[in-house]
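Working notes, structure below.
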Amino acid sequence: MKLGNDIAAVVTGGASGLGAATARALTAKGVKVAIFDLQAGKGEDVAREIGGVFCEVNVTSDESVDAGFAKARAAHGQERVLVNCAGTGNAIKTASRSKEDGSIKHFPLDAFNWLIQINLVGTFRCIAKSAAGMLTLDPLEDGERGAIVNTASVAAEDGQMGQAAYSASKGGVVGMTLPIARDLMSEGIRVNTILPGIFDTPLLAGAPQNVRDALSASVPFPKRLGRPDEYAQLALTMIECGYFNGEDVRLDGAIRMAPR
């Protein structure tokens, strides 16, 4: 897909980190970008910076996502590009014994479901609603109507201790990528997923320097944290390269996560 000012995009989780970097990269190509996020202050700041529109959206809510797409489309028209970066994480062992008193507890199922609802169901909700809108568009070259990029994680393939819910949610994103690409193939909508490794996002920004150094040293090469603009670079390649479809690509400096 040739990106320019005749293309509209929606980036979920676009207020910070990987999403904000992608919103900036799309804007640099002339694309009109709408940001979906719950962080209103940061989202408004990024939207103002890129000349885009901010939509306060909770991806776990049909009504909120519908309202977000309505606002984005009223401002920019129907999007041909969707990048799903909205997500979160937690770390809780499946079952554990207290070192203090020997008491036993298990992963709270409401916490497990909460993560699945945001990372997996929320991603699918945005895909389904965006794809339905893309079907109303006239096809471009090669019959293409749109391109969707999702965000999973290397934890989808080698999750660490405490990441059962997170890995399940991200593994689900990986698992649904090809079936969705096949669902939409006759409509000219491509679907791909990025599996980021350890990236320098706001989640890690507050970590002590020794922790950041240890994480950097664990990456085979280059021995540093990934940069959000590197994620954005791959996202743009997936959007612009018309033969890129149904793929799940690790972006991780060749790291394979240890058990802990």
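Test GLY77 against the stated conditions and say whether it is over 15 Å from GLY13 (Cβ atoms), modelled with pLDDT of 95 or more and more than 18 Å from the chain's Cα centre (by Cα).
Values: over 15 Å from GLY13 (Cβ atoms): yes; modelled with pLDDT of 95 or more: yes; more than 18 Å from the chain's Cα centre (by Cα): yes.
So GLY77 fits the description; yes.
Can you find even one residue in the range 143-164 that is free of Cβ contacts under 8 Å to residues at least 60 places away in the same chain, crowded, with 17+ Cβ neighbours inside 10 Å and of a type in the set (Val, Ile, Thr)?
No, that holds for no residue.
For the range 1-37, which residues satisfy the criterion of being among the aliphatic types (A, V, I, L, M) and in a strand (DSSP E or B)?
ALA8, ALA9, VAL10, VAL11, VAL33, ALA34, ILE35
Out of curiosity, is PHE124 modelled with pLDDT of 95 or more and within 27 Å of MET238 (Cα to Cα)?
yes
Pairs needed: first member in the range 192-213, among the basic types (Lys, Arg); second member anywhere, not in a helix (DSSP H, G or I); C-beta distance under 9 Å; at least 6 residues apart or different chains.
Within 9 Å, the pairs are ARG212/ASP200; ARG212/LEU225.
Which residues, counting only those in the range 241-260, are surrounded by 14 or more Cβ atoms within 10 Å (Cβ to Cβ) and either outside any loop (DSSP other than H, G, I, E, B) or without any contact (Cβ under 8 Å) to a residue 40 or more places away in the chain (or both)?
The answer is ASP248, VAL249, ARG250, LEU251.
Within the range 72-98, take every residue that is in contact (Cβ under 8 Å) with a residue 12 or more places away in the chain and of a type in the set (D, E, K, R) and give me the one that is surrounded by the fewest Cβ atoms within 10 Å (Cβ to Cβ).
Checked the range 72-98; the qualifying residue surrounded by the fewest Cβ atoms within 10 Å (Cβ to Cβ) is LYS93.
Would you pick out the residues in the range 144-162 that are of a type outside the set (Gly, Ala, Ser), over 14 Å from the mean Cα position of the chain (by Cα) and over 20 Å from ALA254 (Cβ atoms)?
Of everything in the range 144-162, those that are of a type outside the set (Gly, Ala, Ser), over 14 Å from the mean Cα position of the chain (by Cα) and over 20 Å from ALA254 (Cβ atoms) turn out to be GLU144, ARG145, MET161.
Quickly run through the range 56-80 and pick out the residues that are among the charged types (D, E, K, R) and assigned to a helix (DSSP H, G or I).
ASP62, GLU63, ASP66, LYS71, ARG73
If you take the residues in the range 214-236 that are in contact with a helix residue (DSSP H, G or I) (Cβ under 6 Å, 6 or more places away or on another chain) and in contact (Cβ under 8 Å) with a residue 40 or more places away in the chain, which one is surrounded by the most Cβ atoms within 10 Å (Cβ to Cβ)?
The selected residue is ALA235.
What pairs can you find where one residue is in the range 168-187 and among the hydroxyl-bearing types (Ser, Thr, Tyr), the other is crowded, with 18+ Cβ neighbours inside 10 Å and in a helix (DSSP H, G or I), and their Cβ atoms are less than 6 Å apart, with a gap of 6+ or different chains?
Note: pairs meeting the criteria are SER169/LEU115; SER169/ASN119; SER169/LEU120.
Residues are listed down the side, and each one gets a yes or a no for (1) at positive phi; (2) touching an Asp or Glu at 6+ places or on another chain (Cβ under 7 Å):
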{"residue": "ARG212", "(1), (2)": "no, no"}
{"residue": "PRO222", "(1), (2)": "no, no"}
{"residue": "LEU234", "(1), (2)": "no, no"}
{"residue": "GLU240", "(1), (2)": "no, no"}
{"residue": "GLY246", "(1), (2)": "yes, no"}
{"residue": "GLY253", "(1), (2)": "yes, no"}
{"residue": "ARG256", "(1), (2)": "no, yes"}
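Matching residues to (1) closer than 24 Å to ALA21 by Cβ; (2) at pLDDT below 95; (3) in contact with a Lys or Arg (Cβ under 9 Å, 6 or more places away or on another chain):
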position: ARG145; (1), (2), (3): no, no, yes
position: THR151; (1), (2), (3): yes, no, yes
position: SER169; (1), (2), (3): yes, no, no
position: GLY188; (1), (2), (3): no, no, yes
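Test of understanding: among PHE112, PHE69, which residue is of a type in the set (Phe, Trp, Tyr), closer than 29 Å to ALA21 by Cβ, in contact (Cβ under 8 Å) with a residue 40 or more places away in the chain and buried (at least 17 other Cβ atoms within 10 Å of the Cβ)?
Of PHE112, PHE69, the one residue that is of a type in the set (Phe, Trp, Tyr), closer than 29 Å to ALA21 by Cβ, in contact (Cβ under 8 Å) with a residue 40 or more places away in the chain and buried (at least 17 other Cβ atoms within 10 Å of the Cβ) is PHE69.
How many of the residues making up the range 162-208 are touching a Phe, Trp or Tyr at 6+ places or on another chain (Cβ under 7 Å), of a type outside the set (A, V, I, L, M) and over 20 Å from ALA258 (Cβ atoms)?
Result for the range 162-208: 2.
The values are calculated or read from the model by the stated rules, or taken from the named source; none is laboratory data. Fair warning: this is a prediction, and the values are worked out from it, not measured in the lab. With ideal geometry, Cβ positions are generated from the backbone for all residues, glycine too; neighbour counts draw on all protein chains shown.
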